[in-house]
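Everything on this sheet refers to the single structure shown next.
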Amino acid sequence: MKLFTTINKLDPGLVLVAFVLLFLARMEAVPRLIYFIYAIPLAIYFFPVKIFTAHWKEIDKINIRVTYFISFFLSSLILALSGISFYYSSGSVLEYINMFASMINILMAYYYFLRKFPVYLVALHFSISVVSSAAIFL
């Protein structure tokens, strides 16, 4: 089974584009709506779309399938929360939820790195942590 396909190589890049848009929107070079329009479909791509694709369903072990599910769900949650809390800019509760999800994201990245999961997941979680830290602390 080929775990490191072309689409897997593009996923961390798509998230880093979200970081660049978030940074530009924070510096008011682009409107907030552009980041919101980019982050929400990207979040929808990570959770429902990636879950129903067949590339990770071929894995036999249930614990690896569960980690993929949690990984995609967490990525989707962080992107959606960063988009919503940045666009509406009044959600301190959303920022705290995003911070808690970011901590879980960092722990999962370390878990993937130590357990020798595909590099794609480590890169994805690293890029998600860059976006979440920018959404929280910028």
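Readers should treat all values here as calculations from the given coordinates under stated rules, not as data from a laboratory. Just so we're clear, the structure is a prediction, and the values are computed from it rather than from any experiment. Counting neighbours? That spans all protein chains shown, and the Cβs are built from the backbone with ideal geometry, glycine included.
Tabulated data for the structure shown
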| read-out | value |
| --- | --- |
| First in segment 17-43 and of a type in the set (S, T, N, Q), second anywhere and not in a helix (DSSP H, G or I), Cβ under 6 Å, 6 or more apart | none |
| Residue count for segment 109-125, restricted to those that are assigned to a helix (DSSP H, G or I) and buried (at least 17 other Cβ atoms within 10 Å of the Cβ) | 8 |
| Candidates 86, 46, 72, filtered to the one that is part of a helix (DSSP H, G or I) and in contact with a Ser or Thr (Cβ under 6 Å, 6 or more places away or on another chain) | 46 |
